[in-house]
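J.: First, the structure itself, so that you have it in front of you.
Read-outs: derived from the displayed coordinates by stated rules, not from any lab. Not measured: the values here are computed from a predicted model. Please note: Cβ atoms are built from the backbone with ideal geometry, for glycine as well, and neighbour counts cover all protein chains shown.
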Amino acid sequence: MNITKPAIFPIPSELIEEFRAIVGGKYAVTNAADIAPYLCEDRDLFHGRSPLVLRPGSTAEVAAICKLATEHRIALVPQGGNTGLVGGQTPLTGEVVVSMLRMDKIRDVDVESNIMTCEAGVVLQVAQQRAADVDRLFPLSLGAEGSCTIGGNLSTNAGGTAALAYGMARDLALGLEVVLSDGRVLNALSKLKKDNTGYDLRNLFIGAEGTLGIITAASLRLVPKPRAIETAYVGLKSPSAALKLLSISRDEAAGALTSFELLADIAVDLSLRHGIDIRDPLQSKYPWYVLMELSSSRDDARDTLEAILTKGMEDGIVDDAVIAANRSQRQAFWKLRDEMSAAQKPEGGSIKHDISVPVAAVPAFIEEANAAVVKLIPGSRPVPFGHLGDGNIHYNVSQPVGGNGAEFLARWHDVNAVVFEIVLRMGGSISAEHGIGVLKRDELPAVKDKVAIELMRQIKAMLDPFGIMNPGKVL
Ligand code: FAD
């Protein structure tokens, strides 16, 4: 099965009018200045071009857009909050952008069943707040939660800081509504936990990065709201010490351990230097830090956290620690962590990796990768941080101080190659939670099982025979 290449620029003006008629005048954006924000993302790594941004307000409008696009072989790029980190949401070759932000209704909150049904354009923080309003928790949590959308979260299968306890976006979706490339609507908005009636089609679209269809709504799993949340910021000597603390935490807290983030000193320093209103929680400096959180339905989280830290100190693993005294201190700890990606930008070029290895292999991975990267580019500065509890490290490398940013970024694939070699040797993944998009598309065939790639291509050709859905991404 072959995927036909869709037509792109220029789109005849009559066709633009047909698209405009679907969404209504003001929701078809053709003015270059108004289109501009949809063409690049915050880190400025990807720049696109597009003659038209469509802002549908309903599933029926999305269906009509896809049908018309298929008839005329017009390529579409679905876009949510535009916070994706692999270029998946950028119209790189003049595709029409379908922005989902107007589809922002929470259709239903079923408290007894613990299910909330959201349209794709609902911003994650809004979904979290709505769950909190009915004394529930929607546990997906990530630095971009004030802008990213449920549709984007599902399309990238986002992970974030609480995946350790609650799983990734996939684990939180019970059902989906999806518009296919030909305009048909797949209604799989199940509220059922148990439903063994054939193939699990929902899971095809989760993590597909908009290449198989446009998600328009999802039924999402809620969990009881924790009664107590306790957060600690810990200073220690090494990733090995952090791993031992993780083990103690799991033994003591079991399912109550909701986050366990590892932070290199340089990542903390950059956040303190470039972030606004960020304070160092500890008096002294340490080579590594852990930001950990316990959430419990009982009032015992504080005692458990203290017991973990006491044992860590007795065992010589923990050098220093502070427990957030209140909500605002807890938020301050998380702000320090959440600013880490943005804080690398003022330092010049930064080569990004979002890798995972088995949890026990993280210390060896960091040690080997640091040595290999600095050998390749003397003076380059590894800035590892991320979700140690999931074996997922954002292994970013900043350019040498005073070096040439463009020259450094030109080595992107060389740096990737040495890092990925170590990752693959350790049985890891080159994309833990950000997806493939365009950033890792060319590496994918070399690292993924050949049969899996074949099946992915066949599924793509079957669901999108004219290749109009986010062409050039993932595959
Ligand atoms: P977009 O960026 O708009 O799109 C992302 C992809 O999904 C694109 O391929 C797009 O075509 C597709 N898409 C969007 N909406 C739809 C739809 N309705 N139907 C079909 N396809 C669609 N990610 C993590 O996993 N964990 C983190 O901890 C994390 N932290 C982050 C912190 C910061 C500061 C930033 C900027 C990003 C972070 N991300 C993280 C990445 C990003 O926030 C996630 O990938 C998020 O899920 C993207 O959602 P979005 O709505 O912005 O999607």
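J.: Calculated FRET efficiency, Ala21 and Thr310, Cβ-Cβ r, R0 60 Å, to nearest 0.05?
T.: Working: r = 67 Å, r/R0 = 1.12.
Efficiency, rounded to the nearest 0.05: 0.35.
J.: Under 16 Å from the Cα of Lys352, which lysines turn up, not counting those fewer than eight places away in the same chain?
T.: Once the sequence-local lysines are set aside, what remains near Lys352 is Lys440.
J.: For the chain, what does the relative contact order come out to in percent, with C-alpha contacts under 8 Å and a separation of six or more? Provide the component values of the computation, followed by the final result.
T.: On the way: 999 pairs, mean separation 79.6, N = 475.
This gives 17 percent for the chain.
J.: Under 12 Å from the Cα of Lys105, which aspartates and glutamates turn up, not counting those fewer than eight places away in the same chain?
T.: Here the aspartates and glutamates satisfying the reach criterion relative to Lys105 are Glu119.
J.: Also: Within the range 413-435, whose backbone N sits under 19 Å from a point 7 Å along Cα→Cβ of Ala371?
T.: Residues 415-428 qualify, since their backbone N sits under 19 Å from the label point.
J.: Next question, about the same structure. Could you work out how much longer the chain between Thr93 and Asp277 gets when fully extended? Use 0.36 nm per residue separation minus the Cα distance between them, nm to one decimal.
T.: Values: separation 184, 0.36 × 184 = 66.24 nm, distance 3.95 nm.
Taking Thr93 through Asp277 to full extension adds about 62.3 nm, to one decimal.
J.: Arrange the peptides 424-432, 389-397, 29-37, 355-363 so that the one whose residues have, on average, the most other Cβ atoms within 10 Å appears first. List each step's numbers first, then the result.
T.: On the way: 424-432: 17.4, 389-397: 24.0, 29-37: 12.8, 355-363: 20.2.
Top to bottom by mean Cβ count within 10 Å: 389-397, 355-363, 424-432, 29-37.
J.: What are the radius of gyration and Dmax of the range 47-112, computed over its Cα atoms and given in Å?
T.: Expressed in Å, the Cα Rg and Dmax of the range 47-112 come to 13.8, 47.
J.: Another question, if that's okay. Could you name the aspartates and glutamates in cross-link range of Lys448, using Cα to Cα under 14 Å and dropping any fewer than eight places away on the same chain?
T.: Glu421
J.: Could you sort the peptides 191-200, 310-319 by per-residue average Cβ neighbour count (10 Å cutoff), highest mean leading? Write out the running numbers ahead of the final one.
T.: Details: 191-200: 9.2, 310-319: 16.4.
Packing proxy ranking, top to bottom: 310-319, 191-200.
J.: Can you tell me the equivalent ellipsoid semi-axes for the chain? Use √(5λ) from the Cα gyration tensor, largest first, whole Å. Could you put the intermediate results ahead of the total?
T.: Values: eigenvalues 288, 145, 81 Å².
After diagonalising the Cα gyration tensor, the semi-axes are 38, 27, 20 Å.
J.: Which value at 222 nm does the chain reach when only helices count, each DSSP H run of 4 or more adding -39,500 (n - 2.57), with the total divided by all residues and rounded to the nearest 500 deg cm²/dmol?
T.: Using -39500 (n - 2.57) per qualifying helix, the result is -10000 deg cm²/dmol.
J.: Hey, got a sec? Which GluC sites (Glu not before Pro) in the range 362-433 land in a DSSP loop and have at most 16 other Cβ atoms within 10 Å?
T.: none
J.: Now a separate question. Sorted by packing (mean other beta-carbon atoms within 10 Å per residue), highest first, where do 292-302, 100-110 land?
T.: Details: 292-302: 19.4, 100-110: 17.7.
Taking the mean over residues of other Cβ atoms within 10 Å, the ranking is 292-302, 100-110.
J.: How far apart, in nm, are two points set 7 Å out from the Cα along the Cα-to-Cβ line at Asp300 and at Thr30?
T.: That separation, rounded to one decimal, is 6.6 nm.
J.: Under a point-charge model restricted to the Cβ atoms of Lys and Arg (+1) and Asp and Glu (-1), what is the dipole moment magnitude of the chain relative to its Cα centre, in debye to the nearest 20? Write down the numbers at each step before the final one.
T.: Working: 48 positive and 57 negative charges, 142 e Å.
With only Lys, Arg, Asp and Glu charged at Cβ, the dipole is about 680 debye.
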